[in-house]
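To start, the structure under review is shown below, and the notes come after it.
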């Protein structure tokens, strides 16, 4: 008959990902003719428990390289943006997100500029990113345990004494005589 034991351990109890696109604007000093390039750098973020949901707060820098003055000069404008994303992560086995749970946030797709429009001296950007969240918490694992019998053979000194008693002391002498 198998016995069962429960082991309490830390494991991933919830996992989800979310793709989001947001619009941002950067006002430039000059009136851009052409946007030559856009890039997003320094993406930082962290997640926290917000009444059972994961609240992700982050920020990144956006650099816009553009030409102006009839495409004869170039400049770069930089601006830091903050963002907040809320994720309702489904949890396994009726577990609950509490203050003992560890929230791990990863960037599955770095923020990238997907669309750029120029409206006077304002550059309008659409930035898309994908974040993944893993929640690590306490959980139980049930395992089957075999009977706890030892698999060692127990030696008793009496058996050893019997083996010694069965040794023929004249074994060597009888063998030599027979040849």
### Query
Taking 1 over the mean of 1/r across every pair of different Cα atoms in segment 3-145, what Kirkwood radius in Å do you get?
17.7 Å
### Query
Using helices alone, what [θ] at 222 nm do you get for the chain, with -39,500 (n - 2.57) per DSSP H run of 4 or more residues, divided over all residues and rounded to the nearest 500?
-2500 deg cm²/dmol
#### Entry: Ascending count of other beta-carbon atoms within 10 Å, so fewest first, for 36, 91
36, 91
### Query
Roughly how many Å is it from the Cα centre of segment 69-119 to that of segment 1-60, as a whole number?
5 Å
### Message
I need to check one value: relative contact order of segment 83-141, counting alpha carbon pairs closer than 8 Å and at least 6 residues apart, in percent.
### Response
38 percent
### Label zone at residue 20, where the point sits 7 Å out along the Cα-to-Cβ direction: segment 61-98 residues whose backbone N lies under 16 Å
61, 81-90
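If I stretch the segment between residue 130 and residue 99 completely, what's the gain in nm (0.36 nm per residue apart, minus their alpha carbon distance), one decimal? Mind dumping the intermediate values first?
Working: separation 31, 0.36 × 31 = 11.16 nm, distance 2.49 nm.
Fully extending the segment from residue 130 to residue 99 adds 8.7 nm.
Read-outs: derived from the displayed coordinates by stated rules, not from any lab. Nothing here was measured: the structure is a model prediction, and the numbers come from that model. We place every Cβ from the backbone using ideal geometry, glycine too, and count neighbours over all the protein chains shown.
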